[in-house]
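Student: So that we are looking at the same thing, I have put the structure below in structure tokens.
The values are calculated or read from the model by the stated rules, or taken from the named source; none is laboratory data. As the structure is a computational prediction, the values presented were derived from the model and not from experiment. Here the Cβ is made from the backbone with ideal geometry for all residues, glycine too, and neighbour counts use every protein chain on show.
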Amino acid sequence: MRPWGLQSRATLVLAVIGHLCGACSLLFDSNAPPPNGECEQTLSISADVEDGEVGVIGTLTLLPQGELGIDLEGIYMGAWSGFRTAGYFRFALPEGLAAGERLRYATLRLWGQNVDSWNFDTDQLRIQLENVADAQAVTNLSRTPDDEEAEPMISPAQLWPEDGGLEWIVNDFNDSPNLAPMLSALVEQQGGINPGAHVIFWVAGDFNDGEREVATLDFSAAEAEGRQAQLVLSRCAN
């Protein structure tokens with residue numbers, strides 16, 4: 001048998017390193033989304049009933065089409081006149097989420113429509129997820145997370161961003177922090193989510209003082225095609 005030379009040994013070492021580093025991104029960057037199409041599933045708002053706003057038009061008001069036809073159109077999130085203003089986004093899960101499934105990554109993607117007096121240095125949004133096996137469409141104000149009759153929410157809420165202020169980008173998508181822990185907690189507490197069931201996210205200001213909001217597009221907006229709210233899931237095996 002011919003003994004290995006230095007070149008052969010170096011080749012072996014490089015091959016072993018290459019094999020090991022095939023999983024480097026999973027080991028050292030578990031919060032990063034994988035390349036597009038590798039194991040992602042993108043869900044989009046597909047009907048007008050699936051999104052809307054709880055905003056202030058004189059008083060706190062349910063706006064199923066956001067502020068459509070009211071000055072600057074959009075779903076506004078933040079605070080106004082002493083009330084927390086919120087957008088809601090409901091997604092059907094065609095494949096469901098099996099009991100015990102752990103998502104690697106999940107993000108809510110919202111198109112930036114407008115900014116109104118928002119402080120990029122300090123203002124944050126707060127994302128909440130209803131703790132129910134199949135979230136129903138929003139039809140009244142009692143569904144608002146701040147209402148005492150609201151559905152239970154997964155705890156804790158997710159701040160957007162986790163630190164500092166949110167730099168809301170207009171005319172492009174804004175990606176939330178990783179929501180996989182929230183969804184995994186929902187799966188665990190509900191014993192799984194059946195195929196075709198829905199999840200609903202509430203996005204509001206993490207404050208209720210002043211008048212500062214950011215806006216995204218409602219499904220009903222004329223320019224919403226291709227810019228609807230999206231939920232991107234990475235279902236890669238751990």
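Student: Between Val214, Val187, Val170, Val203, which is farther than 19 Å from Gly52 by Cα and touching a Gly at 6+ places or on another chain (Cβ under 9 Å)?
Tutor: Numbers: Val214 fails: farther than 19 Å from Gly52 by Cα; Val170 fails: farther than 19 Å from Gly52 by Cα; Val203 fails: farther than 19 Å from Gly52 by Cα.
The unique qualifying residue is Val187.
Student: Sticking with this one: Limited to region 141-155, what total is found for residues that are assigned to a loop (DSSP other than H, G, I, E, B) and either among the aliphatic types (A, V, I, L, M) or over 26 Å from Pro94 (Cα atoms) (or both)?
Tutor: Pass one, region 141-155, residues assigned to a loop (DSSP other than H, G, I, E, B): 144-152, 154-155.
This time we only want the ones that are either among the aliphatic types (A, V, I, L, M) or over 26 Å from Pro94 (Cα atoms) (or both), so: 146-150, 154.
So the count comes out to 6.
Student: Hey, another quick one. Scan region 154-167 and report the pairs whose first residue is exposed (fewer than 14 other Cβ atoms within 10 Å of the Cβ) and whose second residue is hydroxyl-bearing (Ser, Thr, Tyr), with Cβ atoms within less than 6 Å and a gap of 6+ or a chain change.
Tutor: Gly165/Thr122
Student: Now for a separate question. Would you mind finding the one in Trp111, Trp118 that is under 28 Å from Gly96 (Cα atoms), crowded, with 16+ Cβ neighbours inside 10 Å and in the same structural domain as Phe173 (by TED's automatic domain parsing)?
Tutor: Details: Trp118 fails: under 28 Å from Gly96 (Cα atoms).
It is Trp111.
Student: Going by the conditions given, is Pro181 in a loop (DSSP other than H, G, I, E, B) and not small (Gly, Ala, Ser)?
Tutor: no
Student: Among the numbered criteria (1) surrounded by fewer than 19 Cβ atoms within 10 Å (Cβ to Cβ); (2) touching an Asp or Glu at 6+ places or on another chain (Cβ under 6 Å); (3) of a type in the set (D, E, K, R), which one does Asp48 miss?
Tutor: Failed condition: (2).
Student: In the set Leu125, Leu129, Leu110, Leu93, which member is at pLDDT 95 or above and in contact with a His (Cβ under 9 Å, 6 or more places away or on another chain)?
Tutor: Details: Leu125 fails: in contact with a His (Cβ under 9 Å, 6 or more places away or on another chain); Leu129 fails: in contact with a His (Cβ under 9 Å, 6 or more places away or on another chain); Leu110 fails: in contact with a His (Cβ under 9 Å, 6 or more places away or on another chain).
Sole residue among the options that is at pLDDT 95 or above and in contact with a His (Cβ under 9 Å, 6 or more places away or on another chain): Leu93.
Student: Whether any residue in region 17-31 is at pLDDT 90 or above and within 26 Å of Gln124 (Cβ to Cβ) is what I want to check. Give the steps one after another, and end with the answer.
Tutor: Of the residues in region 17-31, the ones at pLDDT 90 or above are none.
So far as region 17-31 goes, no, none of its residues is at pLDDT 90 or above and within 26 Å of Gln124 (Cβ to Cβ).
Student: Of the residues that make up region 126-133, is at least one touching a strand residue (DSSP E or B) at 6+ places or on another chain (Cβ under 7 Å), of a type in the set (Lys, Arg), under 21 Å from Asp209 (Cβ atoms) and not in a helix (DSSP H, G or I)? Spell out the reasoning first.
Tutor: First pass over region 126-133, keeping only residues touching a strand residue (DSSP E or B) at 6+ places or on another chain (Cβ under 7 Å): 126-131, 133.
Keeping just the survivors that are of a type in the set (Lys, Arg) gives 126.
Subset that is under 21 Å from Asp209 (Cβ atoms): 126.
Adding the requirement that they be not in a helix (DSSP H, G or I) leaves 126.
There is at least one residue in region 126-133 that is touching a strand residue (DSSP E or B) at 6+ places or on another chain (Cβ under 7 Å), of a type in the set (Lys, Arg), under 21 Å from Asp209 (Cβ atoms) and not in a helix (DSSP H, G or I).
Student: Considering every residue within region 159-170, establish whether at least one is in a loop (DSSP other than H, G, I, E, B), of a type in the set (Asp, Glu), under 19 Å from Thr216 (Cβ atoms) and in the same structural domain as Trp111 (by TED's automatic domain parsing). Show your work before the answer.
Tutor: As a first pass, look at region 159-170 and keep what is in a loop (DSSP other than H, G, I, E, B): 161-170.
Remaining after also requiring of a type in the set (Asp, Glu): 162-163, 167.
Of the ones still in play, those that are also under 19 Å from Thr216 (Cβ atoms) are 167.
Still in the running and in the same structural domain as Trp111 (by TED's automatic domain parsing): 167.
Scanning region 159-170, I find at least one residue that is in a loop (DSSP other than H, G, I, E, B), of a type in the set (Asp, Glu), under 19 Å from Thr216 (Cβ atoms) and in the same structural domain as Trp111 (by TED's automatic domain parsing), so the answer is yes.
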